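Undergrad: Okay, handing you the structure first.
The values are calculated or read from the model by the stated rules, or taken from the named source; none is laboratory data. Predicted model, so just to flag it, every value in this text is computed and none were measured. Because the Cβ atoms are built from the backbone with ideal geometry, glycine has one as well, and the counts that use them run over all protein chains shown. Areas reflect the complete protein model, heavy atoms only, side chains present, ligands, DNA and RNA absent. Shrake-Rupley method; radii C 1.70, N 1.55, O 1.52, S 1.80 Å.
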Amino acid sequence: MNFKKGILRFYIVITFILVYGIIVLIFPKERKFEFEFKSGAPWMHEDLIAEYDFPVLKSDARIRAEQDSINRNFVPYFEKDSSIASKSIDVFQSAFERQWEQFVKSKNKSSALDLKLYNSQISKLSDSLRNHLVLEIQSIYNKGLIVLPDSLSQENFDFFVLNEGVSYPAITDTVYHLDDVQNYLIETADKRIRKIDKQYPLFEEFLASFQFENSLKPNLIYDEQTNKKLLNEKLESLSSTSGLVQKGELIIQQGGIVDDQSYIVLTSLKKEYESNASITSKGLLILGISLLYLATAFSLFMFLLNFKPKILNSARKISFVLLQVLVFTGLAMLISRNPDISLYVIPFVIVPMMVQTFFDDRTALFVHIIVIMMVGFVAPNGFEFVFIQMIAGIVAVFSLKNIQQRKRMFVTAFYVLMTYAGLFFSLQIMYSGGLPHIDWVDFAWFGGSALLILFTIPLIWVYEKIFGFISDATLMELTDTNHPLLRKLAEKAPGSFQHSMQVANLAEAVGRVVGGNPLLIRTGALYHDIGKAATPEYFVENQSGFNPHEKLEFDESAEIIISHVTRGVEMAKKAKLPDSVIDFIRTHHGIGKAQYFYRSYLNKYPDKEIDEAKFTYPGPSPRNIENAILMMADSIEAATRTLKEYTEESISKMVNAIIDSQLAAGQFDHVDITLKKISLSKKVFTEKLLSIYHTRIEYPELNKTETDKEDAQ
């Protein structure tokens, strides 16, 4: 026993060290700014004077505005390719001659005019037109031919032209656009034709069908990669500071309001302070964190040691509690590294909800306070964070007294959301003094946290499977009389089933007054005799005239009666009932004896040595108040059926005798139950039995009148 206790203590110490060591390991290693401040709120600390020079950082809004300005006013660069002009003119001339030849051939075949192929007059005019267009194209390329990308679709803007390493400014109005070249060249060519000879309209027809865009390429080329690089260089060169606070300069006076400018200066000081830490200061930082978290670990340990030793003395239970601390504190540490995610999105109220589900309100609130205090060291505006989370945790605990109905989880999530929103709104208007300064986006984080609270439902199921716990929701499911084991008991052993129902009602009533978990007691009572379904005929409540024990020896009968405990345990394990329910089957007779057959054996064989083990239940005796209450209720309900009359005196005498005999036999030695609770249990049992077996008034018969007698004759 001492060895097991030593192993348990070693496990507890190692688990505490491991959990808190992991938390210290992932704790942000930046120095923590010692002052809390909020925009619009008064500066509650002493006068703050700069101890060293530090730059004043621009606000995020200002930096975004300046970046937007750079993006809007950025002048793009187009590179001029001098080789494009000559190549495009060559392509144009070849295309012009080829298409002109094809055009004239088609006209010679279809036209009624007397046109000869390559007529000298036409040929001369085409050469003149071609040369004219070549000169126009050369002029276009001299000024620049451009195609705008989709990102630069505005009508008119400035840009730079890069030509052989030299840049010069330009504007889109002074260059030609490829989309406009077709119309421009046709117009100039049309004017040229009219000057040469007005008798040849076929030139106009030819030009209308000629696609200049197919021959021409832009010589002002937009290089997206180069422009992005230049834009990024401008953005990167943007200064993040807007001034300098010198050593000895007053930053803010005590009682002064933290206005927008003061807030920016304080934020700059905070970032400068937290980012500049030497190796020595980082070592001291880790030491400080370790000592602070050691204090919280010690507080949790002392609370459990003094008020909840059953949790501390159970490896499963202490592992569960420390897992909640590790998961939610560790998650907060990781999320705190990302400034874009608010810590309020983490549903910290799940901690007290989970602990309350498996333990009690007091433990739930204490563990919750430990968690939020630890997270408060990394949370922005730590006091505000701890205050809001503490109130939300209290609301969660008192709105979720039990989860027998799963809809309570939705109600609790709603209450917590309203608490978050109400408290945050109150703090914001207190600090800022008006609605315009409230950042309404923060309320979205509260909504997300409320939705995540609903994950408590599947989490409960997971923890039940991992740690072997049992929740009220599961107990409610087990008390359904349509459960296969209870249906089997009702069909095979109806008398035992009715006995179990009566025991459940009695035990639950006592549990509500004396203490313990009434729902757990009721569940255990319903299943405590399921082993009788294997041999129902051997139990008197299921017999109807024939008693098979008459053909058996007393020790054989005792063995069959006692076996309903072991068989019940086997059936419960096969049905995968929780261990806490199976314990009721094991302990409802404790280490008592099958008294009827034990005494009958002694009376029949007074001189014969008796093997008491054959008449003794395997036990163990009850280990908690719930098991003890069931043992009392089981014996009392069975004995009540033997009473010849149901008076307060007879029932009270019977109840006292049974409970006193169990107490004298040491059945409750391992149960944390006081004599006061035992006395209260006796009183409740007596009252409940009197209400069940109350005497009824005998109805008098109706006297017959003379008329009735005559009618009868």
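Undergrad: Within the range 303-325, does at least one residue satisfy the condition of being farther than 24 Å from F10 by Cβ and within 17 Å of the chain's Cα centre (by Cα)?
TA: No, every residue in the range 303-325 fails to be farther than 24 Å from F10 by Cβ and within 17 Å of the chain's Cα centre (by Cα).
Undergrad: To continue, here is another question. Go through the range 185-294 and tell me which helices (runs of 4 or more DSSP H), entirely inside it, have 2 or more residues that are in contact with a strand residue (DSSP E or B) (Cβ under 9 Å, 6 or more places away or on another chain) and at pLDDT below 85.
TA: 260-275
Undergrad: If I filter the range 29-48 for residues that are part of a helix (DSSP H, G or I) and either more than 18 Å from V375 (Cα to Cα) or at pLDDT 90 or above (or both), do I get at least one hit?
TA: no
Undergrad: A further question follows. Considering only residues that are more than 40 Å from the chain's Cα centre (by Cα) and under 30 Å from D68 (Cα atoms), look in the range 235-270 and name the one that is least open to solvent (accessible area, probe 1.4 Å).
TA: Of everything passing the filter in the range 235-270, V245 is least open to solvent (accessible area, probe 1.4 Å).
Undergrad: Specify the residue that is modelled with the highest pLDDT; the eligible residues are those in the range 454-480 that are open to solvent by 50 Å² or more (accessible area, probe 1.4 Å) and not in a helix (DSSP H, G or I).
TA: Step by step, filter the range 454-480, then rank; the result is D480.
Undergrad: Out of W445, W440, which single residue is exposed (fewer than 15 other Cβ atoms within 10 Å of the Cβ) and closer than 30 Å to S39 by Cβ? Steps first, please.
TA: Numbers: W445 fails: exposed (fewer than 15 other Cβ atoms within 10 Å of the Cβ).
Exactly one residue qualifies, and that residue is W440.
Undergrad: Let me ask something else about it. With the checklist (1) closer than 27 Å to F424 by Cβ; (2) of a type in the set (V, I, T); (3) at pLDDT 95 or above in hand, flag the one item V321 doesn't pass.
TA: (1)
Undergrad: What number of residues in the range 314-342 are touching a residue at least 24 places away in the same chain (Cβ under 8 Å) and either of a type in the set (D, E) or touching a helix residue (DSSP H, G or I) at 6+ places or on another chain (Cβ under 7 Å) (or both)?
TA: Adding up the residues that qualify gives 19.
Undergrad: I've got another one for you. From the list S126, S69, S120, pick out the single residue that is at pLDDT below 85, farther than 26 Å from S215 by Cα and not hydrophobic (A, V, I, L, M, F, W, C). Before you say what the answer is, go through the steps one by one.
TA: On the way: S126 fails: farther than 26 Å from S215 by Cα; S69 fails: at pLDDT below 85.
Being at pLDDT below 85, farther than 26 Å from S215 by Cα and not hydrophobic (A, V, I, L, M, F, W, C) holds for just one of S126, S69, S120, which is S120.
Undergrad: Which residues, counting only those in the range 328-354, are of a type in the set (V, I, T) and either open to solvent by 10 Å² or more (accessible area, probe 1.4 Å) or out of contact with any Phe, Trp or Tyr (no Cβ under 8 Å at 6 or more places or on another chain) (or both)? So that I can check it myself, show each step before the final result.
TA: Keep residues of the range 328-354 that are of a type in the set (V, I, T), which gives 329, 335, 341, 345-346, 349-351.
Correct list: T329, I335, I341, V345, V349.
Undergrad: I would also like to ask the following. Identify the single condition in (1) open to solvent by less than 30 Å² (accessible area, probe 1.4 Å); (2) assigned to a helix (DSSP H, G or I); (3) closer than 22 Å to E274 by Cα that V321 does not satisfy, given that it satisfies every other one.
TA: (3)
Undergrad: Which of the residues that make up the range 58-90 are closer than 30 Å to I438 by Cβ and either touching a strand residue (DSSP E or B) at 6+ places or on another chain (Cβ under 6 Å) or among the acidic types (D, E) (or both)?
TA: Of everything in the range 58-90, those that are closer than 30 Å to I438 by Cβ and either touching a strand residue (DSSP E or B) at 6+ places or on another chain (Cβ under 6 Å) or among the acidic types (D, E) (or both) turn out to be K58, D60, E66, D68.
Undergrad: To continue, here is another question. Picking from F446, F410, which residue would you name as being closer than 21 Å to V397 by Cβ, touching a residue at least 60 places away in the same chain (Cβ under 8 Å) and not in a loop (DSSP other than H, G, I, E, B)? Talk me through it step by step, then tell me what you get.
TA: Working: F410 fails: touching a residue at least 60 places away in the same chain (Cβ under 8 Å).
F446 is the lone residue from the list that is closer than 21 Å to V397 by Cβ, touching a residue at least 60 places away in the same chain (Cβ under 8 Å) and not in a loop (DSSP other than H, G, I, E, B).
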